[in-house]
Every structure is written in C-alpha cells, then in structure tokens.
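The values are calculated or read from the model by the stated rules, or taken from the named source; none is laboratory data. Keep in mind the model is a prediction, meaning the values are calculated, not measured. Virtual Cβ from ideal backbone geometry, glycine too; neighbours counted across all protein chains shown. Ligands, DNA and RNA are excluded from the accessible area calculation, which covers all protein heavy atoms including side chains. Shrake-Rupley method; radii C 1.70, N 1.55, O 1.52, S 1.80 Å.
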Amino acid sequence: MQVKKKIRLDALDIIVLLLAVVIILGTLLPMLNVFSLSLSNPKYIVGGEVSFYPKGFTLNAYKEMLSSSRIPRAYANSILYTGVGVLFNLFFTVITAYPLARKELVGRKWIIIFITITMFFNAGMIPKYLLVSELGMMDSMWGLIIPTVIWTFYLTVMRNFFEGIPNELYEASVIDGASEFQILARVYFPLAKPAVASIALYYIMGHWNSFFIPSIYITSAEKYPLQVVLRDLLNTAVSSNFNMAETIATPPVALKNAVIFISIVPMLIAYPFLQKYFTKGMMVGAVKG
C-alpha cells in the first residue's frame, strides 16, 4: 500500500501562488467585464451597473454585429492577413536563420551585425510608406506582409536555437548524402518545433492585433482588418452621447465590447495548441553520449 506524501508549502511557494492568482484575476476579470457588457441591456450599461456578470441578458449586440457585412468581412480579412502573414513570416525566418546558424557561412559575422542593426535603427515611417507605394502594394494584403516578412528579434531567437542543435546531427546527415534543404526540413525543423511554435504565437498576435499599419496602407473600407474597424467603433463610443443611448437598440459601447470579445477568441483558441511546445524537450535523446 502506497502512502501518499503530503505537499508542504513554504513561504516562497505561498507568495508565488498568491502572485499567480493575482495575475490570473487581472487577466480574466477585464475579459469577463467585456463579455458581460456585450450581453447586457443598454439601460444597465448606460447606468454603469454592469460589472462581471450580464444584467438584462440580451444578444442584440451580437445580432447587430452579424446583421451588417462590415464586421464579418473585417473578421475574414484579419484571418486572411494573419494566416498568410504568419506563413510567410515562419518560412522566411526559418530559411534565413538556418544558414546564419552555420559557422561555415562566408561573411556570417557581418551579415548578423547588419541584421542586428535593424533592430535599433530604421528608416522611419515616411520612407517605408514611399517604398510600399512605389512597389504598388498600397491598399493590398502584401503591403502589410512583405515589409515585415522577417522580424529581427525572432530571427535571432530562431538562429540561436539552430546553433544549439548538436553539430553531430548535421555531420551525420551530410554523410548520409542529404542536401542542405533536406537537412533543414527533415532534421533541424522537426527539432525546432518548440522555437517555431513560440515565434508563431508572437507572429500571430502581432498580425492579429495590428491596426496602425493597416490604417496607413489600407485605404478601402472593405479591406479593413477587424482591429481597424474596432478602432472606429471605439472612437464612435467615446464621442457619442451616452445619455441618448437608451433610445438606441444597441449602444456603441455594447457593440464595441461584442467586437472586442470576438476579436480575442482566435487567440484563446490558438494559444492552447501552441503552448504545449514551449516546455516540450525535443532534443532529449537526439544524440547519444
């Protein structure tokens, strides 16, 4: 018969636990407030009576949101821009990081220095705008993706991860007659899944939450991503007269919170699938001593 061991918590464990609870509450309560506002009756919203649970439950905000093609279209645009953008980001980040991780690369040191400089210095918004305009990428998805196809910090993370893979794997692959692309695709990339998943999550968040760059490069309203539409709704909610909101079926603040809530759903879905790779040890047993 096995005797269960009692779990003892010292003072540090209790402090860490309390801190974790505070962080969790600080994350969940604002989301709960947004969700409650999106489901509440306008008169309770106007009166400031809604906190962390709906009052006067109603789905009018979501019905109005779906009744117009503007928000569903913006949602689809965000999914398209994010999906294509992340695929391009990961592809070019990986195929650039791999050769930079090889010490045999001629001029490797100087290439890394030039790339690193771009993390701290850039031409600025006006030259970027002129470049995108001259390349004919204004008012298109490519104007959002191509100029930021590689994010220098994540390229550095990917390169460092490749450098940490034992060189014996590379040498064994070369002896077996594998080409560089085969080594990358069949050896390095499978081992780099934790790093790829990590930077993929940040790429997804970067594209999904971006509103400033699309508001500059996208000029057609039907091509706006969700965050630009949300910004417009936020401006409408701030500038509207809330004293008159009771006469409206759905006040701007309710519609705004409904859009905010659906905008965070993809992140809530994506994170659990990628989080498992953060702590998974892909290198365990790769090389025998």
**OP:** Could you list, in sequence order, all residues of the stretch 47-82 that are open to solvent by less than 50 Å² (accessible area, probe 1.4 Å), in contact (Cβ under 8 Å) with a residue 24 or more places away in the chain and hydrophobic (A, V, I, L, M, F, W, C)?
**Re:** 61, 65, 71, 74
Original post:
Would you pick out the residues in the stretch 149-160 that are open to solvent by less than 60 Å² (accessible area, probe 1.4 Å) and either touching a residue at least 40 places away in the same chain (Cβ under 8 Å) or touching an Asp or Glu at 6+ places or on another chain (Cβ under 9 Å) (or both)?
Top reply: 149, 150, 154, 155, 156, 157, 158, 159
**OP:** Looking only at the stretch 182-193, decide whether some residue is more than 20 Å from residue 118 (Cβ to Cβ), open to solvent by 60 Å² or more (accessible area, probe 1.4 Å), at pLDDT 85 or above and of a type in the set (Phe, Trp, Tyr).
**Re:** yes
Original post:
What are the pairs, 6+ residues apart or on separate chains, where a residue within the stretch 34-45 that is closer than 11 Å to residue 260 by Cα has its Cβ under 7 Å from a residue that is in a loop (DSSP other than H, G, I, E, B) and not hydroxyl-bearing (Ser, Thr, Tyr)?
Top reply: 37/50
Original post:
Of the residues 106, 94, 84, which is β-branched (Val, Ile, Thr), out of contact with any Leu (no Cβ under 8 Å at 6 or more places or on another chain) and assigned to a helix (DSSP H, G or I)?
Top reply: 84
**OP:** Keeping to the stretch 201-211, report how many residues are open to solvent by less than 40 Å² (accessible area, probe 1.4 Å) and in contact (Cβ under 8 Å) with a residue 60 or more places away in the chain.
**Re:** 6
Subject >> Among the residues listed as 201, 226, 233, 155, the single one being touching a Leu at 6+ places or on another chain (Cβ under 9 Å) and over 27 Å from residue 95 (Cβ atoms) >> reply: 233
Subject >> Residue, nearest to residue 265 (Cα to Cα), within the stretch 212-229, restricted to residues that are surrounded by fewer than 18 Cβ atoms within 10 Å (Cβ to Cβ) and in contact with a Phe, Trp or Tyr (Cβ under 9 Å, 6 or more places away or on another chain) >> reply: 215
Original post:
Can you list the helices (runs of 4 or more DSSP H) found entirely within the stretch 116-196 that contain at least 2 residues being farther than 18 Å from residue 98 by Cβ?
Top reply: 125-134, 142-145
Original post:
Among the numbered criteria (1) more than 30 Å from residue 201 (Cα to Cα); (2) under 29 Å from the mean Cα position of the chain (by Cα); (3) assigned to a helix (DSSP H, G or I), which single criterion is violated by residue 44?
Top reply: (2)
